Amino acid sequence: MRIVIIGAGVAGQRLAAKLCEERHDVVVVDHRARPLEEIASELDVQTVLGNGISPQILEEAGVAKAGLVATVTNRDEVNILAAVFAHAAGARYTAARVSNDELTAKRHVDDLSALGIDLIVNEHDECARAVLSVLNLRGAKEIVRMAGGRIQAVGTDVPPGSPLLAGPLKDFPHPDILSNVRLIAVMRKERLLMPHGDTTFEVKDTIYSVGRPADVRAFLNVVRPYQIAVHKVVIAGGGGVGWRLARHLERTDKQVVVIEENNERAHECSASLKKSMVVSGNALDRSVLDEIGITDDTAIVASTGKDENNIIACLLAQRLGAAFGVALISKPEYVSIINEAGLLDRAVSPYLATMNAILRFVRGTSIRAITLLQNVPGELLEVDVSGGSKWVGKALKDVRLPRRAVVAAIVRGEAARIGIGDTALQKGDRLIVFAPLGVASKLESVFRR
C-alpha cells in the first residue's frame, strides 16, 4: 500500500519505520530538510520537501494514489488541513493527529469526519487513559485493552518473593488462577522468551499475561502480593496529559494534586478542575513536594514537556517515599534505557498511541486491530475468522500459525476465554494473537479465505 506521512518528527519517524518493516510504499513529507535526510538515510522511503498543506506538494507525494495519508505534525491546523486536502485529492483513507480538546469533542469529530478525515487521534487523551489504567492496576507496566475491553493484556515485573520464583511455570502453586490467563511473553533484559511449562522466572523479568480483566487482576494479586494501594496522585505538569488525567481521576476516590509551574496555566487548571488541588510551583523543588506531602500511598505522574524533568521529578518523589512513579517520555531512546535500568515504574510514550491507532488502517481484511507493545518487541492483533475461512470447524491446535505467534484468547460473541488447543473455531470468532516483530505480517495470509 502507498502511505503518505505528513510530518517527519518523532511520530512520523517511528510510524515510517514500522510501515517500512511491513513493506509498504512509504512517502514522508516535511518542510524541514534535515529530518527528511535522517529518515532517508535509515529507511527505504521517498521524501518530499515542502509544506504538507500545499496542493502541489501533496500531488508530488502522490496522495491521489495513496491508501492512507497520515498527518502527524505538531500543529493541529496543519494536520487537519493536510488530511482534508488529501481526501479531496483522492486518498482512500486519512488520519490526523489532533491535540486540541475542543477539536476532538464528539460534535467536532463528526464535522471533521464529514470533511473526509477518517481517524482523529488525540494522543494526550490516549496517554492519560493509559496512565489511569496503570494507576488502577498497580504493578502493571503496560495495559492493553482488546476486543472492546473483554480481554486485557498486562505487562508486569516479577518482584522478589513472587510465587513465580518457586519453580517452573507448570508447578505454579495456584493452578486454578493460572488456568484463566495465558502468559504470552517474558522479557529478560533485552531477550524475548516464549513461556511454556518448563519456563522458570527471575526477579525483574517482565511478563505479559492475557485474559479477562478480572482474571488478570486475580493473577497479578498473587504474582505481586505486596502492593500498597494508591490513595493520592500527584501530577507534575498541568498540560495536555496532566490536565486530562486529573479530570479522569476526579471520577475516582483518589486525592489529586496538580503541580504547574506556569502561573497562568495553573489558574486555568484550577478553574476547570472541580476536585483537584492545583499548586503553582516546580515539581523539582523539594519544598513543594514536602508541602504537598509524599507518603507511601502516593503515586507521582510526571507529564511536563521535558523528558529529563519528568524523570528527575519521579526519582525525587520516589526518594521521598512515593509508592509509584510514571513519567511521560517523548524520546524513544530514553524509554529503552529506563526500562532496562529499572529507573522508574513506568515510562509512557505519547507517540505509541498515535501509531497503534493509525496502524489499524493498514492491515488486511482479517486483522481488525493491532497494538504495538512498549516493553516487548511484538504486537497484539485481533484476527477475525470469516465464514469462508478454511479453519472454521478446525481445532485451534491445527491452525498453522507463523513461528512464535500465539493465540492468547478467543472472543465469541460477548464471551471471552483463553485459547485452548482443542477449541473448534467458529465463524465470527475473534482471535487475540501475540506475534513477535516481523511475524505479524504473515498472519493475513493464514486467515485469508
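Values quoted throughout were computed directly from the atomic coordinates according to the rules given, and no laboratory measurement underlies them. Everything numeric here is computed off the predicted structure, so don't read it as measured data. Glycine gets a Cβ as well: all are built from the backbone with ideal geometry, and neighbour counts include every protein chain shown.
Counting other Cβ atoms within 10 Å, keep those with at most 14, restrict to DSSP loop, and tell me which trypsin sites (Lys or Arg not before Pro) in segment 221-255 are left.
Details: sites: Lys232, Arg244, Arg247, Arg251, Lys254; in loops: Arg251, Lys254.
Qualifying residues, ordered by number: Arg251.
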Review point. Once the principal axes of the Cα atoms of segment 232-350 are found, what is the range along each, listed largest first in whole angstroms?
Key: 39, 27, 26
**Study point:** the chain - share of DSSP beta bridges that are antiparallel (%, nearest 5)
**Key:** 50
Review point. Pick from His124, His87, His231: which is most flexible by mean-square fluctuation in a GNM of the chain where alpha carbon atoms under 10 Å apart are linked?
Key: His231
Check your understanding: Looking at segment 1-108, which GluC sites (Glu not before Pro) are in a loop (DSSP not H, G, I, E or B) and have at most 10 other Cβ atoms within 10 Å?
Key -> Glu102
Review point. Residue-wise, which Karplus ³J(HN,Hα) couplings in Hz belong to segment 110-118, taking 6.51 cos²θ - 1.76 cosθ + 1.60, θ = phi - 60°, and x for glycine or proline?
Key: 4, 5, 5, 4, 5, 7, x, 8, 7
Revision key, fill the gap. If every Lys and Arg gets +1 and every Asp and Glu gets -1 at its Cβ, then about the Cα centre the chain yields a dipole, in debye to the nearest 20, of 1660
Exercise for review: Return, ordered by residue number, the residues of segment 1-39 whose backbone nitrogen is under 15 Å from a label point located 7 Å along Cα→Cβ of Ser386.
Suggested key: none
Exercise for review: May I ask you to list the lysines whose Cα is less than 20 Å away from that of Lys274, ignoring any residue fewer than eight positions away on the same chain?
Suggested key: Lys232, Lys254
Review point. For segment 372-431, which GluC sites (Glu not before Pro) are both in a DSSP coil and crowded by at most 14 other Cβ atoms within 10 Å?
Key: Glu414
Check your understanding: Could you state the number of Å between the C-alpha centres of segment 130-189 and segment 1-67?
Key -> 38
Practice item. Please name which of Gly325, Leu245, Pro173 has its Cα lying farthest along the dipole of the chain towards the positive end, using unit charges on Cβ (Lys, Arg +1; Asp, Glu -1) and the Cα centre as origin. Key: Pro173
Study note, to complete from the structure: Where a ≥ b ≥ c are root eigenvalues of the Cα gyration tensor, a/c under 1.5 meaning rounded, otherwise prolate if a/b exceeds b/c and oblate otherwise, segment 116-211 counts as prolate
Point to revise | Förster radius 45 Å - calculated FRET efficiency between Asp171 and Glu77, Cβ distance, rounded to 0.05 | key: 0.15
Practice item. Would you calculate the separation in nanometres between label points at Thr295 and Asn180, each defined as 7 Å from the Cα along the Cα-to-beta-carbon direction? Key: 3.2
Point to revise | Charged-residue dipole, Cβ positions (Lys, Arg, Asp, Glu), segment 127-223 about Cα centre, Debye nearest 20 | key: 380
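Just how many % of Cα pairs in segment 2-121 lie over 21 Å apart, if you round to the nearest whole percent?
30
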Practice item. Measure out, as a whole number of angstrom, how far apart the alpha-carbon centroids of segment 198-257 and segment 417-446 sit. Key: 28
Exercise for review: Among Ala33, Gly438, Leu289, flag the residue with its Cα farthest along the positive direction of the charge dipole of the chain, charges on Cβ as +1 for Lys/Arg and -1 for Asp/Glu.
Suggested key: Gly438
Review point. Using alpha-carbon pairs under 8 Å, 6+ residues apart, how would you state the relative contact order of the chain in percent?
Key: 11
Check your understanding: Just from its helices, what would the mean residue ellipticity at 222 nm be for the chain, if runs of 4 or more DSSP H residues each count -39500 (n - 2.57) and the sum is divided by every residue, rounded to the nearest 500 deg cm²/dmol?
Key -> -9500 deg cm²/dmol
Exercise for review: Just grab the label-to-label distance for Leu320 and Asn262, each label 7 Å out from Cα along the Cβ direction, in nm (one decimal).
Suggested key: 2.3
Exercise for review: Check cross-link reach from Lys18 to the lysines: straight Cα distance under 16 Å, and skip same-chain residues fewer than eight apart.
Suggested key: Lys442
Check your understanding: From the square roots a ≥ b ≥ c of the eigenvalues of the alpha-carbon gyration tensor of segment 355-447, which class results: rounded (a/c under 1.5), prolate (a/b over b/c), or oblate?
Key -> prolate
Review point. Of Val407, Ser389, Val335, whose Cα points farthest to the positive end of the dipole of the chain (charges on the beta-carbon: +1 Lys, Arg; -1 Asp, Glu; origin at the Cα centre)?
Key: Ser389
